[in-house]
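Taken together, the values in this text are just the output of simple stated rules run on the coordinates, not laboratory data. Remember, it's a predicted structure, so these values are computed and weren't measured experimentally. As a convention, Cβ positions derive from the backbone with ideal geometry for all residues, glycine included, and neighbour counts pool all protein chains shown.
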Amino acid sequence: MQEDHDIGYRIIEAIATREGIDPLDVDPPLHDAVDVGALEDVLRSTNDSTSISFEYGRYTVHLDGPESVQLTPRPECDSSTACGSQSHHSEA
C-alpha cells in the first residue's frame, strides 16, 4: 500500500472494525467525504500534536497525529439513520 493512503486505510479499517464489516464494504467512499491526500500532507508536514476532526458517515473521525484514529458516534446518527450511508443490513 502506498504511504499516501496509509491514513485513509487506517480510517477505513477502524470503521469496518467498529461496524463489523469488510473494509471494502464501507460506504460511501472515504474520498467522497474528505481529501485523503490533503490529510496526509497536513499530518506529514506538522508535528505529532496536530489534531484533525471531520464527519464521515455515522462518526466523527478524530486524527491526533499521523498514527491515531479515533471514532466518535455522531449523536444525530443512530442505527436507523443513514447519515451519509454506512448502513449495513444483516441477513436474517
Which values, in whole Å and largest first, are the semi-axes of the equivalent ellipsoid of segment 3-73 obtained as the square root of 5 times each eigenvalue of the Cα gyration tensor?
20, 12, 11
Exposure proxy check on Ile52, Ile12: fewest-to-most Cβ neighbours within 10 Å is Ile52, Ile12
Sequence of Tyr9, Tyr56 once ranked by neighbouring C-beta atoms within 10 Å, starting from the fewest:
Tyr9, Tyr56
Arrange Glu76, Glu13 by Cβ neighbour counts within 10 Å, fewest through most, would you?
Glu76, Glu13
Quick one: which residues, 5+ away or cross-chain, put their amide H under 5 Å from the amide H of Thr60? H built at 1.01 Å from N.
Thr72, Arg74
